[in-house]
Amino acid sequence: MISKNPREKLTEKHIIHVVGAGLAGSECALQLALLGYDVVLIEMRGEVMTPAHRTANNAELVCSNSFGSVADTSAPGLLKWEAEQLGSRILEAALANRVPAGQALSMDRERFAEMVTAMVSAEPRIRRETRVVKSLDEIPRPAVIATGPLTHESLAHSMLEHFGDEFLYFFDAIAPIVATESINMEIAWRADRWDKGTKDYINCPLSKREYFFFTEEMKAARKTEPKDFEKNTPYFEGCMPIEAMLERGDLTPRFGPMSAKGLRDPRTGNMPFAVVQLRQDNREGTAYNIVGFQTKMTYPEQKRIFRLIPGLEDAEFLKLGSIHRNLYINSPKRLNRDLSSKRDPWLFFTGQITGVEGYFESTCMGLMIARFIDQKLRGVLHEDASNIGELLPPRATALGSLLNAITDETRADHFQPTNINFGHLPAIADTVGDTGGDRRRRLDKHDNRLLQIAAAREAFAQWFRQQGRSVKTNSAMDRMAQELKAATEAATQAATKSATPSATQTATPSATPSAMQADTHPAANETAETTDV
Ligand SMILES: Cc1cc2nc3c(=O)[nH]c(=O)nc-3n(C[C@H](O)[C@H](O)[C@H](O)COP(=O)(O)OP(=O)(O)OC[C@H]3O[C@@H](n4cnc5c(N)ncnc54)[C@H](O)[C@@H]3O)c2cc1C
């Protein structure tokens with residue numbers, strides 16, 4: 001068995017073992033190296049693949065190519081702003097490999113993963129080893145487990161032994177990717193909802209008859225059967241297969257990923273009954289993914305049925321959809337607030353396995369865990385993390401809220417993976433002082449959110465000041481938010497000039513359009529924040 005307290009053994013040099021070179025593991029290793037630690041980064045791909053990855057590159061994105069919204073009025077946008085302030089290297093790589101995607105930060109997936117791999121290789125303090133870690137006992141402490149939702153089975157068993165039965169499973173699914181040149185642009189057209197952005201999505205319209213024919217075919221299609229151990233495993237709401245959505249009602253997809261709200265077919269001038277949206281998947285724009293079409297239909301059925309979508313009749317599928325079991329720890333029950341095991345304070349967990357959901361949330365846990373390890377090794381943070389409250393980003397911030405959401409013991413009995421959302425940020429009265437019941441009731445949802453963002457930014461800046469640092473003004477995230485607002489305003493002005501009065505009314509949801517409205521129009525934001533995990 002490995003030494004329980006590395007601080008007793010290691011004097012000057014600490015070597016930290018990080019298992020898993022995905023988003024969280026790569027961010028964590030890069031941050032630890034910056035903090036002056038030597039890191040052994042162990043990754044199994046290159047020897048053994050997961051069911052979803054295709055390469056041995058670090059930080060490979062397994063499904064969508066999007067980190068979600070960048071709007072400075074959205075919770076995911078706030079999380080990115082904070083992560084940028086803390087110097088996230090993964091965010092740096094994402095920004096360098098951005099592809100157009102309206103309000104979302106989406107990347108050329110291959111270039112992004114190649115860049116993260118190069119960043120890690122260029123770091124002399126990090127040594128990458130290619131092998132499967134089969135047991136928690138084989139890794140020296142301090143150790144970080146960042147093996148993600150598709151953790152190798154033998155290591156998952158070792159974790160099961162370590163944690164007992166508080167190890168939870170759910171299903172996650174992947175949406176198909178189509179070759180752009182195979183999309184029929186005589187039928188499909190480029191546009192963003194409500195004419196916001198720069199026409200980054202390809203939209204395929206469905207009439208009422210086409211919608212019901214298509215959904216009936218999906219219902220009747222052959223599906224991949226879950227294995228015995230997978231039965232009774234629930235889906236994660238944000239990444240539900242399209243057929244599972246259909247089981248809730250024939251019209252459910254029409255109110256979700258197939259909503260036509262804010263979209264007008266240029267051939268008819270009307271809003272179609274339903275729309276299937278595709279989003280750019282690589283920088284060249286040669287590949288598009290079908291947004292929200294995670295599926296468990298068999299491969300031949302996917303090809304047959306997705307080609308029923310008008311505009312996709314000759315679609316060439318570069319990747320087909322699939323579904324996999326996913327797993328996470330009941331963190332509020334089993335982990336300390338610094339994400340170390342309550343049974344072994346030098347064994348840390350990070351990334352999706354801790355119960356955050358989403359690429360960027362997983363990345364942020366990698367960012368935070370590097371700080372916690374540094375603080376624990378320096379003796380600033382107690383071994384049981386009991387004094388972490390003094391060191392954490394404040395509860396009002398996105399990072400503070402997300403950490404709280406996965407470690408708050410009151411959530412242990414019904415613990416579910418979660419992404420960042422406004423529900424986790426403290427209510428306004430808690431952050432800006434009690435404004436009185438009446439005033440709170442008068443604030444609409446949009447105003448409330450703006451106040452939550454302002455309070456979060458202020459709390460973050462204050463926390464930074466206490467550490468002798470000041471927040472970057474004109475950060476990349478701020479610049480992107482500004483660009484987004486300018487593009488939205490320009491598009492709205494153009495629409496106002498060219499449209500008939502009735503069309504203008506539909507394209508322009510309010511007299512003062514701005515990116516700030518993203519959150520007040522759920523449909524406009526759903527491709528960036530709701531449909532995709
Ligand atoms: C099928 C699927 C689709 C998803 N789609 C999306 C999506 O579209 N958008 C989104 O935001 N999130 C999505 N997620 C959720 C989640 O955000 C991602 O899985 C994210 O990559 C998690 O980051 P991570 O660093 O925790 O894990 P990962 O990025 O998966 O990295 C874990 C790494 O650990 C390695 N590893 C595993 N076991 C071992 C071992 N025993 N020894 C050595 N190495 C090991 C793996 O090979 C992998 O490289 C999806 C998840 C799944 C499973």
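Nothing in this text is a laboratory measurement; each read-out follows from the coordinates by a stated rule. It should be emphasised that the depicted structure is a prediction, and the values quoted were computed from it without experimental measurement. With ideal geometry, Cβ positions are generated from the backbone for all residues, glycine too; neighbour counts draw on all protein chains shown.
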Distance between the range 301-325 and the range 28-79 - C-alpha centres, whole angstrom: 27
Packing-wise, with mean Cβ within 10 Å as the measure, how do 365-376, 457-468 rank, highest first? 365-376, 457-468
Which of 26, 182, 386 comes first, and how do the rest follow, when ranked by fewest Cβ neighbours within 10 Å? 386, 182, 26
Scalar couplings 3J(HN,Hα) for the range 263-275 by Karplus 6.51 cos²θ - 1.76 cosθ + 1.60 (θ = phi - 60°), nearest whole Hz, x for Gly and Pro, are 10, 10, 5, x, 6, 10, x, 10, 7, x, 5, 8, 9
Across 10 Å bins from 0, what is the distribution of all Cα-Cα pair distances for the range 58-182, in whole percents? 10, 30, 33, 24, 3, 0
Using Cβ counts within 10 Å as a stand-in for footprinting exposure, how do 133, 70 rank, fewest first? 133, 70
Can you compute 3J(HN,Hα) from phi for each residue in the range 97-114, using the Karplus curve 6.51 cos²θ - 1.76 cosθ + 1.60 with θ = phi - 60°, rounded to whole Hz and x for Gly and Pro? 10, 5, 10, x, 7, x, 7, 9, 9, 10, 10, 6, 4, 6, 5, 4, 5, 5
For the range 342-427, what is the largest minus smallest coordinate of the Cα atoms on each principal axis, given in angstrom and ordered from greatest to least? 34, 25, 25
Sorted from fewest to most neighbouring beta carbons within 10 Å, what does the list 322, 66, 340 look like? 322, 340, 66
